[in-house]
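The values are calculated or read from the model by the stated rules, or taken from the named source; none is laboratory data. This is a predicted model, so every value here is computed, not measured. Note that we place each Cβ from the backbone using ideal geometry, even for glycine, and neighbour counts take in every protein chain shown.
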Amino acid sequence: MAGDHRSDEVPEPELDGRDMRIGIIAARWNAEITVRLLDGVRRGLREAGVPDDHVSLDWVPGAFELPLAAQMLAESGVVDAVICIGCVIRGETTHYETVAGECAAGITRVQLDTGIPIAFSALTVENLRQAHARSEGVGGHNVGEDGARVVIEMIALDREIAQRSGRSQVGIAP
């Protein structure tokens, strides 16, 4: 039956990012949290072997601007993947729903339109406590670190499918 598999049957990928180029787009809004996510992204990329000089970092005003910046970077031809980090915390108005929803939808659209993997590592949380819980340091849960693993795995998948099918990969050719 679909979905009826033991966890030991699900393969864990070996993450090797030594020849991958990654762009990070970071939102300045809620910078206290974004900087924690950035630390997680950097930690995850280093663990996967991505050289520091293969990583670029660009800042944007807030989460709403992440999709456009991701599109600019994805279309530039200088990265294999993009990681978007930011934090939207629910307030007393519907602004949260607009920003969080459009950020997620925009990142999805850019990823599908460009074929470049883009990690959605922008937190959408109810309060600062939840944001801290999802942006912990070494040994804790950090969505930025998750995003690093996601893009490394997706680049590798793209390269594997390209090799099997004979097509050129979507990302840049190293």
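Tabulated data
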read-out	value
Scan of region 101-136 for residues that are closer than 26 Å to Ile155 by Cβ and either among the aromatic types (Phe, Trp, Tyr) or part of a loop (DSSP other than H, G, I, E, B) (or both), ordered by number	Gly115, Ile116, Pro117, Phe120, Arg134, Glu136
Pair list, Cβ under 8 Å, 6 or more apart: region 114-128 residue more than 22 Å from Tyr96 (Cα to Cα), other residue of a type in the set (A, V, I, L, M) and part of a loop (DSSP other than H, G, I, E, B)	Thr114/Val170; Gly115/Val170; Ile116/Val79; Ile116/Val170
Leu157 vs. criteria assigned to a helix (DSSP H, G or I), under 15 Å from the mean Cα position of the chain (by Cα), surrounded by fewer than 17 Cβ atoms within 10 Å (Cβ to Cβ) and not small (Gly, Ala, Ser)	no
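Okay, residues lined up against (1) hydrophobic (A, V, I, L, M, F, W, C); (2) at pLDDT 95 or above:
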position: Ala105; (1), (2): yes, no
position: Val110; (1), (2): yes, yes
position: Ala119; (1), (2): yes, yes
position: Val138; (1), (2): yes, no
position: Met154; (1), (2): yes, yes
position: Gln169; (1), (2): no, no
